[in-house]
Structure formats: structure tokens, C-alpha cells
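What follows is one structure encoded as C-alpha cells, with my remarks underneath.
The values are calculated or read from the model by the stated rules, or taken from the named source; none is laboratory data. Note that the structure is a prediction, hence the values are computed from the model and not measured. Here the Cβ is made from the backbone with ideal geometry for all residues, glycine too, and neighbour counts use every protein chain on show.
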């Protein structure tokens, strides 16, 4: 059984000497998850043969640091810094009042239309 707290698995790449295979485990619906977008943004390449992203040891270290610190990336490969946590009471209030999703941008709450 895999640990749900770590949404990726790292092993030695079988077909790429000296590199590592990073398998994202955070996608349950077939779409990319946070770890996949982050791996794309730092330059790792997907290979169907290993069904994993191939990363150099330096890319692996960078990925683990960014993932641990809460960074994510957009579909266009742009890194986005960690977002401040909005208290659940305020998030619930904004969601109920506006009937929309709420996202934090810096110090302000943004309502997604």
C-alpha cells in the first residue's frame, strides 16, 4: 500500500543511466496533478516506456524542495509560489455568500467566477 502523504514515488530509471524515475501518484481522475505540473516546469521529461518523469539528481532535489515548500506550476510551465492559508471559517463564509470558489492571491481572497 502506498503512502497517501507523498503523492509521488522516486526510483532509479531503468532505461536512462544515472537518472531517476519520478512517478506522480496524485492523479486519481486521469488529469495532471500538482506534482506533474511541477515536474514539467522544472524540465523533467515524461517517458511512456517507464511511465514516469525522468529527472537528473539535481532536478529531483529541486522538485522535492519546491513540493515540500508548497510551490506549484501552471499548465504553461510557470512556477507559482505557495499561497497563504485562508481560515476555513472565512473560506466557508465567502463561498456561501458568493456561491463561487475562493482562491488566495497574496493577501487578498479572489472569487473565481
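Quick rundown of the values:
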read-out: Residues that are surrounded by 15 or more Cβ atoms within 10 Å (Cβ to Cβ) and part of a loop (DSSP other than H, G, I, E, B), drawn from the range 27-42; value: 32, 33, 42
read-out: Residue check for residue 53: modelled with pLDDT of 90 or more, within 14 Å of the chain's Cα centre (by Cα) and more than 21 Å from residue 14 (Cβ to Cβ); value: no
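Here's the yes/no breakdown for (1) at pLDDT 90 or above; (2) farther than 18 Å from residue 12 by Cα; (3) in the same structural domain as residue 16 (by TED's automatic domain parsing):
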{"position": "44", "(1), (2), (3)": "yes, no, yes"}
{"position": "48", "(1), (2), (3)": "yes, no, yes"}
{"position": "64", "(1), (2), (3)": "yes, no, yes"}
{"position": "67", "(1), (2), (3)": "yes, yes, yes"}
{"position": "88", "(1), (2), (3)": "no, yes, no"}
{"position": "92", "(1), (2), (3)": "no, yes, no"}
{"position": "97", "(1), (2), (3)": "no, yes, no"}
{"position": "104", "(1), (2), (3)": "no, yes, no"}
{"position": "107", "(1), (2), (3)": "no, yes, no"}
